[in-house]
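Chemist: Below is the structure I would like to discuss, written out as structure tokens.
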Amino acid sequence: MELTVVGANRAERGEAEVLTLTRQLGLEEKIRFIDAVPLYEVPLWIATADVLVLPSFSEGFGLSLVEALACGRPVVSTTCGGPEDIVTEKVGILVPPGDAKALARAIAYVLDHPEKYNPMKISSYAHQRFSLEKISSQIFDLYLSLGKVAC
């Protein structure tokens with residue numbers, strides 16, 4: 001198994017501490033840090049993953065979750081705002097923010113039970129819920145409802 005961390009804000013992610021711990025545990029060959037990648041490369045990185053993990057303390061929406069689901073990948077994230085509107089038990093697992101043991105158990109569960117997370121069903125779920133057509137229709141309906149409000 002290998003952990004790949006992709007994205008910017010390396011200091012904010014605590015990379016120095018993780019690298020120190022990685023060396024202490026002799027896991028240098030198992031963890032890779034990749035700087036921010038161009039948007040067109042994101043699906044390529046997601047496609048190489050068995051699971052996308054987003055252990056946020058606060059997340060407004062969680063676009064990376066939707067990107068992973070669109071690629072048919074299950075997700076593990078935290079109950080920190082946005083993920084609750086995205087993740088269902090059929091596409092992933094949510095855990096409390098800051099609960100490292102629950103996060104580890106959830107990741108292990110997803111990796112140990114791939115039969116529970118059908119890539120085609122996950123991708124279909126993402127396209128049904130988060131397609132451009134679906135979201136633009138919802139926004140249009142919202143604008144219509146706001147137009148009916150008397151000032």
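The values are calculated or read from the model by the stated rules, or taken from the named source; none is laboratory data. Note that the structure is predicted; figures quoted are calculated from it, not measured. With ideal geometry, Cβ positions are generated from the backbone for all residues, glycine too; neighbour counts draw on all protein chains shown.
Chemist: Looking only at region 115-151, count how many residues are exposed (fewer than 10 other Cβ atoms within 10 Å of the Cβ) and touching a helix residue (DSSP H, G or I) at 6+ places or on another chain (Cβ under 6 Å).
Modeler: Qualifying residue count for the region: 0.
Chemist: Exactly one of these conditions fails for residue 59: (1) out of contact with any Ser or Thr (no Cβ under 6 Å at 6 or more places or on another chain); (2) surrounded by fewer than 18 Cβ atoms within 10 Å (Cβ to Cβ); (3) not polar (S, T, N, Q). Give me its number.
Modeler: Every listed condition holds for residue 59 apart from (2).
Chemist: Shifting gears a bit: Please count how many residues of region 55-66 are modelled with pLDDT of 95 or more and not β-branched (Val, Ile, Thr).
Modeler: 1
Chemist: Taking region 93-108, which residues are within 23 Å of residue 47 (Cβ to Cβ) and loosely packed, with under 15 Cβ neighbours inside 10 Å?
Modeler: 108 - this is the single residue of region 93-108 that is within 23 Å of residue 47 (Cβ to Cβ) and loosely packed, with under 15 Cβ neighbours inside 10 Å.
Chemist: Can you find a residue that is in contact (Cβ under 8 Å) with a residue 60 or more places away in the chain and not aliphatic (A, V, I, L, M) anywhere in region 76-88?
Modeler: no
Chemist: Can residue 51 be described as touching a residue at least 60 places away in the same chain (Cβ under 8 Å) and in contact with a Phe, Trp or Tyr (Cβ under 7 Å, 6 or more places away or on another chain)?
Modeler: Numbers: touching a residue at least 60 places away in the same chain (Cβ under 8 Å): yes; in contact with a Phe, Trp or Tyr (Cβ under 7 Å, 6 or more places away or on another chain): no.
Spelling it out, it is not the case that residue 51 is touching a residue at least 60 places away in the same chain (Cβ under 8 Å) and in contact with a Phe, Trp or Tyr (Cβ under 7 Å, 6 or more places away or on another chain).
Chemist: Got a sec? Which of 21, 3, 63 is free of Cβ contacts under 8 Å to residues at least 12 places away in the same chain, over 24 Å from residue 127 (Cα atoms) and either in contact with a helix residue (DSSP H, G or I) (Cβ under 6 Å, 6 or more places away or on another chain) or not basic (Lys, Arg) (or both)?
Modeler: Answer to the check: 21.
Chemist: Considering only region 67-108, how many residues are in contact with an Asp or Glu (Cβ under 9 Å, 6 or more places away or on another chain) and within 12 Å of residue 125 (Cα to Cα)?
Modeler: 2
Chemist: Same structure, new question: Just to check your reading of the model, which residue among 59, 29, 41 is in contact with an Asp or Glu (Cβ under 9 Å, 6 or more places away or on another chain) and among the acidic types (Asp, Glu)? Show your work before the answer.
Modeler: Details: 59 fails: in contact with an Asp or Glu (Cβ under 9 Å, 6 or more places away or on another chain); 41 fails: in contact with an Asp or Glu (Cβ under 9 Å, 6 or more places away or on another chain).
Only one candidate passes the filter, namely 29.
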